[in-house]
1. From the phi angles alone, apply the Karplus equation (6.51, -1.76, 1.60; θ = phi - 60°) to the range A:75-92 and give each ³J(HN,Hα) in whole Hz, x where the residue is Gly or Pro.
2. What 222 nm value per residue comes from the helices of chain A, counting each DSSP H run with n ≥ 4 as -39,500 (n - 2.57) and dividing by all residues, nearest 500 deg cm²/dmol?
3. How much of the DSSP bridge set in the protein assembly as shown is antiparallel, in percent, rounded to the nearest 5?
4. For the range B:71-84, take each phi angle, set θ = phi - 60°, evaluate the Karplus expression 6.51 cos²θ - 1.76 cosθ + 1.60, and give the result in whole Hz per residue in order, putting x for glycine and proline.
5. Tell me which of A:Q21, B:V57, A:H149 sits at the most positive position along the dipole axis of the protein assembly as shown, charges placed on C-beta atoms (Lys, Arg +1; Asp, Glu -1).
6. Using only the C-alpha atoms of the range A:1-49, find the volume of their convex hull and express it per residue in Å³.
7. Taking 22 Å as R0, compute the FRET efficiency from the Cβ-Cβ separation of B:V93 and A:H213 and round it to 0.05.
8. How fast does the range A:1-132 diffuse by Stokes-Einstein, in µm²/s, taking the Kirkwood radius from C-alpha pairs at 20 °C and 1.002 mPa s?
Amino acid sequence: MRADLIVLRLGANRDLLVGVQADSSTSLATLRTLFADWLDDTMVDELAELPPAFEVHLTSAATTRGRRTLPHLRYGREVLVRADHATPVLHALASVLGGIHERRPDDGRAWVHLRAFASGDQMVLTDIAHPHLVNDRQLLAAGVNEVIHWGLVVDGDALAVPAPLPARWEAVGIDPPDHSDNVRLCGLIAHDRSRLSTAALLAQLSTHSTSSHWFTMAADLTERAQVHAVSDRSGARTAVLALLGCESPT
Amino acid sequence: MAHSSFTPDSRPLAIDDTETALFEGEAVVFREATKSIHRLNASAAAVWVCCDGETTVADMIAELAEVFATVEHETERVVLEALEQLADLDLLVRPNPNPIATVTQVDDTASDGSRIIGCPPDT
């Protein structure tokens, strides 16, 4: 059996398989303990033939030129979260797995796939791609966290955030992640390097969901001038803070 | 009238399952059936708004020539182009609508039939 991979069996019908690769035997042991209720070791050899969906790096390691790699969670080539210690990485993994577990094909709900930044029960969504704003120090200092997810659900005027996958947090000595079921969407941020028109920005943001509810929500925010266009990371950061009503840290 | 599938007496009708947002003269149209988004420029948006099944093409041309302060033969060209574009996008009711092409994404499947959540393709 492959020594660095766990396979989780998720979904209401337990018919979804997710491979998670760990960066060390210690990390693997942590993952196995944390997600013990979801493991399917019988499928490890089969999934080992495919690239894993997620890679978890829980240890900080020295690299060349005196730099260190920080704990992080990777989905393919994208780093979803990077942190000074393992806990936020594990929380993010649980959040993503929770979304995979909850989501059903054709469940009739309006799922939207944009990056989410939250402060309290308020959230903004943006299509600015990774690695921009990953582990952004200024946002963190202002009390803004990126909510790592596998899709958010449009729920009336709010967004529903799927719960993290239930896990054995006590067994690994970590507090479970905080979770807000519903958050208020305060605005949208479009990554725009070509000075698109308002209609074009709406079209761009609308493509991140196949639901008319999302289109209506995005159009409503656009009408209320709560859609900001930004061309770079700095602009995105400023827009996140402005839309969430947070003060920029000095 | 230039060669077109629309005649002066045609009364183009927008299909039902759409949501439209108008900003600064442009339109963004969401179509429920195909989960598609279409962005229309100012002239196409103006034509789209007129596709109510009652307004004739001739009326559209006259009205939009006044709105855009253009001569009628130029407006005719713009209106007909917009209508053909809307028809090509299947946004107008047709007597014999084209079948909607669908793309089916096939997930990896395990030997027991379970769906495998895979690694995203490189972009």
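1. Result, ordered by residue: 10, x, 8, 7, 8, 7, 8, 9, 8, 6, 9, 6, 4, x, 5, 5, 4, 5 Hz.
2. Estimated from H runs of four or more residues: -8000 deg cm²/dmol.
3. 75 percent
4. Karplus-based 3J(HN,Hα) across the range B:71-84 equals 6, 5, 5, 6, 5, 4, 4, 5, 5, 5, 4, 5, 5, 5 Hz.
5. Farthest towards the positive end: A:Q21.
6. 65 Å³
7. 0.35
8. 133 µm²/s
The values are calculated or read from the model by the stated rules, or taken from the named source; none is laboratory data. As the structure is a prediction and not an experimental result, all values here were calculated from the model. Every residue, glycine as well, gets a Cβ built from its backbone with ideal geometry; the counts of neighbours run over all protein chains shown. Heads up: the accessible areas ignore ligands, DNA and RNA and are worked out on the full protein's heavy atoms, side chains in. Shrake-Rupley method; radii C 1.70, N 1.55, O 1.52, S 1.80 Å.
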